[in-house]
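Worksheet: the structure to be examined is printed underneath.
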Amino acid sequence: MSESYCVLADIAGEYKTFLALLDKMPKGFILSVGDVNDRGKQSKEVIEWFMKAEKDGTGESLLGNHETFIWDAYESSPFHYSPGVWQMNGGNATLKSFGGTIPREVIEWIKTLKTEKIIKIENKTYLISHAFKIKRDQEEEEEEIEPFNVVWNRRQPEPFDEYDVQIAGHNSNFGLREWKFKNGKTALCIDASASRKLTGIHLPSMKIYQQEYL
């Protein structure tokens, strides 16, 4: 298990920006919080980079809502989007990058992506997910928040005793933001895409790196 991680926010097809950000960061296992595709012009290159990195054991992407758009557009998924939702949310750029259709191996890869990753380094536990994890309330039925929990959640983070640090992207309205809880735990949103910046955080140093879109 690596002792150095580079956790990246929503790349959204910005391949050149992604590579430039990696050049700024320390060496380590590359972990995307998801939403590697859509809107930017080079979703194909970003997806293929992570597919190769996964095979090489050097990187991994989690499942974001934009990956679920692709999945649902090509076959039945747990998400059941209305027709055309993907295209209205940047999907046309992804289709164009692939020449008009998404290869079957990409769809199969998306279906294998995890919704969260737990990392333990130096006696700290980090929870990485696309959106912040929701605490189940007794009044909420499980089916009401799953499978959308860590893929679509727009709520602010909640404290969990079992995680020292929560890291998520997805919520560009939060921007780059940190929450500190009464139990001594923290949470960070690293999605600064609203300001046209790709953000990464290195673990365990917790140092933030940013790259303006190229």
Query raised in the report: Across region 201-214, what is the total count of residues that are open to solvent by 40 Å² or more (accessible area, probe 1.4 Å) and closer than 22 Å to Glu122 by Cα?
Result: 4
Query - Where Ser172 falls short, out of the listed (1) under 13 Å from the mean Cα position of the chain (by Cα); (2) in a strand (DSSP E or B); (3) not basic (Lys, Arg) - result: (2)
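Among the candidates Leu19, Leu31, which residue alone is hydrophobic (A, V, I, L, M, F, W, C), modelled with pLDDT of 95 or more and open to solvent by 40 Å² or more (accessible area, probe 1.4 Å)?
Of the residues listed, the single one that is hydrophobic (A, V, I, L, M, F, W, C), modelled with pLDDT of 95 or more and open to solvent by 40 Å² or more (accessible area, probe 1.4 Å) is Leu19.
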Report task. Would you check if Leu198 is modelled with pLDDT of 95 or more, in contact with a helix residue (DSSP H, G or I) (Cβ under 6 Å, 6 or more places away or on another chain), open to solvent by 70 Å² or more (accessible area, probe 1.4 Å) and among the aliphatic types (A, V, I, L, M)? Result -> no
Report task. Could you give me the residue pairs with C-beta distances under 8 Å whose first residue belongs to region 59-87 and is over 15 Å from Asp10 (Cβ atoms), whose second residue is surrounded by fewer than 17 Cβ atoms within 10 Å (Cβ to Cβ) and of a type in the set (A, V, I, L, M) wherever it lies, and which are 6+ apart or on separate chains? Result -> Trp71/Ile107; Tyr74/Ile107; Glu75/Ile107
Report task. Kindly indicate whether any position in region 66-89 is closer than 25 Å to Lys124 by Cβ and not aliphatic (A, V, I, L, M). Result -> no
Query raised in the report: On the given criteria, is Ile110 within 24 Å of Tyr5 (Cβ to Cβ), touching a residue at least 24 places away in the same chain (Cβ under 8 Å) and either surrounded by 13 or more Cβ atoms within 10 Å (Cβ to Cβ) or touching a Cys at 6+ places or on another chain (Cβ under 9 Å) (or both)?
Result: yes
Report task. Hey, can you tell me all the residues within region 127-174 that are hydrophobic (A, V, I, L, M, F, W, C), open to solvent by less than 50 Å² (accessible area, probe 1.4 Å) and at pLDDT 90 or above? Result -> Leu127, Ile128, Ala131, Phe132, Val151, Phe160, Val165, Ile167, Ala168, Phe174
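Inspect all residues belonging to region 43-52 and state whether any of them is free of Cβ contacts under 8 Å to residues at least 12 places away in the same chain and closer than 23 Å to Leu176 by Cβ.
Of the residues in region 43-52, the ones free of Cβ contacts under 8 Å to residues at least 12 places away in the same chain are 48, 52.
Within this subset, residues satisfying the condition of being closer than 23 Å to Leu176 by Cβ are none.
Scanning region 43-52 turns up no residue that is free of Cβ contacts under 8 Å to residues at least 12 places away in the same chain and closer than 23 Å to Leu176 by Cβ.
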Query raised in the report: Do we have any residue at all in region 37-60 that's open to solvent by 10 Å² or more (accessible area, probe 1.4 Å) and among the β-branched types (Val, Ile, Thr)?
Result: yes
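The values are calculated or read from the model by the stated rules, or taken from the named source; none is laboratory data. A quick note: this is a predicted structure, and the numbers were derived from the prediction, not measured. FYI the Cβ positions are ideal-geometry reconstructions off the backbone, even for glycines, and counts take in every protein chain you see. Just so you know, the surface numbers come from the protein's heavy atoms only, side chains and all, with ligands and any DNA or RNA stripped out. Shrake-Rupley method; radii C 1.70, N 1.55, O 1.52, S 1.80 Å.
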